[in-house]
Amino acid sequence: MKQLKISAVLCFVFLSLWSSLGQADTQFRIIVDASGSMQSNDPDHITSEALRLLADLSPENKATLGVWLFGEQPRVLFPETLVNSTSKAKLASYVTNYPTQDVKTDLESILAMLLKTPDVAGLSPGYRRDWILVTDGMVDISRDESVNDASRQRIWQDLTQQLEAKGIHLHTISLTDYTDKALLDHLSYRTNATHTDVAVPEDLLDTFDQIFSQAAPAEELLLTQGSFDVDASVKEMTIEVLHETGRLPKLVQPNGATMPLLSRPGVYVSDAPHYTVFTVTNPSVGHWQLDNVNPERSHVRVVSDWVAKATKIPALVFTQEAIDSSVALFQYGQALTTPDQLSNIKVKQTLTRVAGGRKMSVLSWEMTPVGAEFKSRIDGIVQPGLYELTSVIQGESAAREIRQYITVQPAVSFQAKNDGANLVTFSASASNAKLDTSQSSMTLLLTYADGTQQREQMPFISEGYWEKIVPIGADSFAKVKATLVGVTDAGRPLQYTTPTWTIERQGDGDVMIQKGDLTATQVQQEDDSSLSSSQQVAALAVPPSIDVVGGGSFDENAAPAATITPKASQSVVAQVSQEMKSVTQASWFIYALIAAVAFVLIVLVFVFSRSSKSKGRYQSEESDDV
């Protein structure tokens with residue numbers, strides 16, 4: 001009996017060690033606003049469903065997930081742990097009905113706490129950190145606005161720098177219009193993440209799906225009018241359906257039978273009022289049909305031996321910055337490189353703008369075959385916003401789709417503020433650290449009513465921004481804009497002109513400031529000079545159409561001119577091969593460590609067993625002597 005107990009304990013230690021050596025490559029930390037207003041802004045608890053959806057989409061032991069609440073005090077709702085079947089069930093019970101009744105919104109405290117919270121075991125070297133902030137309010141820790149402003153400044157500067165230094169992608173989600181959009185934008189864009197204003201709570205599910213696709217990109221099968229084809233190389237597929245309450249999907253298999261919404265060996269089903277997820281191991285080859293679904297809110301992710309991979313494009317690019325993209329194919333871990341293997345492969349890309357829960361197709365093009373890869377270049381996107389770049393790979397017997405998301409933002413934010421009397425301070429700061437400020441310059445242009453122009457170089461301040469104070473004479477009316485001539489950290493040249501601001505001073509009165517290219521009457525009606533600094537962030541005048549410069553074209557011989565040598569971009573074949581080599585080396589290390597632990601456990605069991613037998617024999621001999 002004692003041997004059995006010892007063996008059981010050793011087996012438990014062995015299994016615990018094995019599970020702790022998982023190779024999770026993504027960390028999800030979700031920060032949820034627990035103020036009382038969340039009850040009215042999310043009455044159906046869609047946030048809880050979004051948390052569960054993120055876990056259900058994550059492959060077993062490939063991600064960690066934790067949930068924290070913030071309001072008056074930061075606190076843990078669900079401790080960070082490896083995502084598996086056990087933790088998914090536990091998460092569902094934890095997030096069903098959590099309290100949202102705090103009267104304050106202390107964002108600074110929760111960010112500071114999480115930055116100090118150590119990571120859990122099981123994360124692989126070089127793992128990706130994706131944190132998600134869901135809120136419906138502003139920094140509100142005191143009735144004294146100066147205290148709130150001080151907290152906001154610490155978030156804007158110190159905490160943002162710490163997030164950047166740790167490589168954390170902080171995605172921010174706003175549930176209402178009453179949020180500090182400037183701060184949320186700043187946090188996301190500085191950390192190469194996304195900010196989303198959801199129109200209705202149900203859009204939270206789509207937003208979490210997009211964030212998951214950014215953090216853990218996966219191949220998908222083409223879904224056309226609810227139908228898709230499974231080829232022989234597919235080993236596992238995960239079908240995600242976002243839907244209205246009570247509208248359950250119907251999954252028809254190739255044999256015509258409808259798959260029950262029940263988990264069983266080889267099939268895992270997770271459902272909630274607004275989503276259903278199927279994970280099927282070794283699915284039947286053939287034509288499948290999804291009925292009673294919205295195809296735009298449904299996706300089929302797969303694990304297969306026929307793999308399409310795309311280069312990792314930046315999560316954030318500046319307006320009019322070039323975007324290069326490459327796609328390569330692999331089979332059984334080897335790149336397809338010969339003309340015979342690639343001659344019947346076609347790759348088409350589509351750029352879509354995502355806004356307000358809706359998608360608008362912008363442009364489509366065929367990618368150009370270049371050696372073992374398919375390449376394209378977008379010379380620039382003019383209109384800021386969130387974009388989806390879809391690559392559809394069509395082969396003879398298989399097809400795949402890859403979704404990638406890009407946030408397009410101006411390289412700098414431009415502000416104008418009246419400091420009293422006749423002085424106006426113009427300032428500009430980089431929206432992301434990828435702008436090399438040491439190689440960049442800002443020039444201010446004032447155009448007066450009589451047509452005369454005044455150019456001023458904006459000095460770069462040591463605090464990390466450009467600033468110029470300009471005196472405005474009596475009875476002046478002028479249009480103001482600034483031009484950036486800069487370089488990215490990759491060595492690419494960049495030029496950007498800010499939207500126009502209009503300023504006017506009547507007689508010796510105060511200077512009136514208004515965003516936009518306005519007339520004197522409009523400036524007087526909508527004077528912005530009294531706005532707080534947190535509100536005086538330049539809003540872009542968005543044109544009704546989207547301009548894409550040179551969409552989809554690729555010229556092997558074309559090279560952008562740059563003031564410094566651009567960094568060489570790694571090919572997708574080399575990138576994937578390096579990743580597979582790293583994974584293989586890590587796997588061999590784990591297997592060797594597990595084998596060593598197993599050997600030690602076997603030796604311990606043997607020693608305990610021998611010791612127990614020797615002790616029993618000695619006691620038996622003593623009893624015989626007696």
| note | Ala121 meets each of (1) closer than 30 Å to Val83 by Cα; (2) open to solvent by 20 Å² or more (accessible area, probe 1.4 Å); (3) at pLDDT 90 or above with one exception, condition (3)
| What tally of residues in the range 219-235 results from selecting those that are surrounded by fewer than 16 Cβ atoms within 10 Å (Cβ to Cβ) and either within 24 Å of the chain's Cα centre (by Cα) or not in a strand (DSSP E or B) (or both)? | 3
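Residue-wise test of (1) part of a strand (DSSP E or B); (2) modelled with pLDDT of 95 or more; (3) surrounded by 22 or more Cβ atoms within 10 Å (Cβ to Cβ); (4) not charged (D, E, K, R).
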site: Gln349; (1), (2), (3), (4): yes, yes, yes, yes
site: Arg377; (1), (2), (3), (4): yes, no, no, no
site: Gln383; (1), (2), (3), (4): no, no, no, yes
site: Leu389; (1), (2), (3), (4): yes, yes, no, yes
site: Arg400; (1), (2), (3), (4): yes, yes, yes, no
site: Arg403; (1), (2), (3), (4): yes, yes, no, no
site: Phe414; (1), (2), (3), (4): yes, no, yes, yes
| task | Please enumerate the residues belonging to the range 99-113 that are more than 27 Å from the chain's Cα centre (by Cα) and open to solvent by less than 60 Å² (accessible area, probe 1.4 Å). | result | Asp102
| request: Identify the residue in the range 264-283 that is among the small types (Gly, Ala, Ser) and touching a strand residue (DSSP E or B) at 6+ places or on another chain (Cβ under 7 Å) and, among all such residues, is nearest to Pro249 (Cα to Cα). | output: Ser270
| note | Flagged in the range 269-278 as open to solvent by 60 Å² or more (accessible area, probe 1.4 Å) and without any contact (Cβ under 8 Å) to a residue 24 or more places away in the chain, in numbering order, are Asp271
| field | Failed criterion for Thr281 (all others in (1) of a type in the set (Val, Ile, Thr); (2) within 28 Å of the chain's Cα centre (by Cα); (3) within 20 Å of Arg400 (Cβ to Cβ); (4) crowded, with 16+ Cβ neighbours inside 10 Å hold) | value | (4)
| request: Taking only the range 494-513 into account, find how many residues are part of a loop (DSSP other than H, G, I, E, B) and open to solvent by less than 20 Å² (accessible area, probe 1.4 Å). | output: 1
| query | Exactly one of (1) in contact (Cβ under 8 Å) with a residue 60 or more places away in the chain; (2) of a type in the set (Lys, Arg); (3) outside any loop (DSSP other than H, G, I, E, B) is unmet by Lys312. Its number? | reply | (3)
| task | Out of Thr488, Thr483, Thr497, report the one residue that is touching a strand residue (DSSP E or B) at 6+ places or on another chain (Cβ under 9 Å), without any contact (Cβ under 8 Å) to a residue 24 or more places away in the chain and under 30 Å from Leu316 (Cα atoms). | result | Thr497
| field | helices (runs of 4 or more DSSP H) fully within the range 97-209 counting 2 or more residues that are without any contact (Cβ under 8 Å) to a residue 40 or more places away in the chain and either polar (S, T, N, Q) or in contact with a helix residue (DSSP H, G or I) (Cβ under 6 Å, 6 or more places away or on another chain) (or both) | value | 145-154, 160-165
| query | Of the residues Val83, Val76, Val32, which single one is hydrophobic (A, V, I, L, M, F, W, C), within 29 Å of Ser142 (Cβ to Cβ) and surrounded by 23 or more Cβ atoms within 10 Å (Cβ to Cβ)? | reply | Val32
| Looking at (1) within 28 Å of the chain's Cα centre (by Cα); (2) more than 14 Å from Val412 (Cα to Cα); (3) surrounded by 17 or more Cβ atoms within 10 Å (Cβ to Cβ), which is the one condition that is false for Thr437? | (2)
| request: Within the range 464-493, track down each residue that is open to solvent by 10 Å² or more (accessible area, probe 1.4 Å), closer than 25 Å to Gln383 by Cα and assigned to a strand (DSSP E or B). | output: Tyr465, Lys479, Lys481, Thr483, Val485, Pro493
| task | Answer yes or no: is there a residue in the range 329-341 that is under 24 Å from Val412 (Cα atoms), in contact (Cβ under 8 Å) with a residue 40 or more places away in the chain and surrounded by fewer than 20 Cβ atoms within 10 Å (Cβ to Cβ). | result | no
| For the subset of the range 419-434 comprising residues that are of a type in the set (A, V, I, L, M, F, W, C) and in a loop (DSSP other than H, G, I, E, B), which member is surrounded by the fewest Cβ atoms within 10 Å (Cβ to Cβ)? | Ala421
| query | Which of (1) within 27 Å of Leu107 (Cα to Cα); (2) over 19 Å from the mean Cα position of the chain (by Cα); (3) open to solvent by 50 Å² or more (accessible area, probe 1.4 Å); (4) modelled with pLDDT of 90 or more is the odd one out, the single condition Thr96 does not satisfy? | reply | (4)
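The values are calculated or read from the model by the stated rules, or taken from the named source; none is laboratory data. Here the structure is a predicted model, which is why all the values come from computation and not from measurement. Every residue, glycine among them, receives a Cβ derived from its backbone with ideal geometry; neighbour counts consider all protein chains shown. Just the protein is used for accessible areas: all its heavy atoms, side chains included, with ligands, DNA and RNA removed. Shrake-Rupley method; radii C 1.70, N 1.55, O 1.52, S 1.80 Å.
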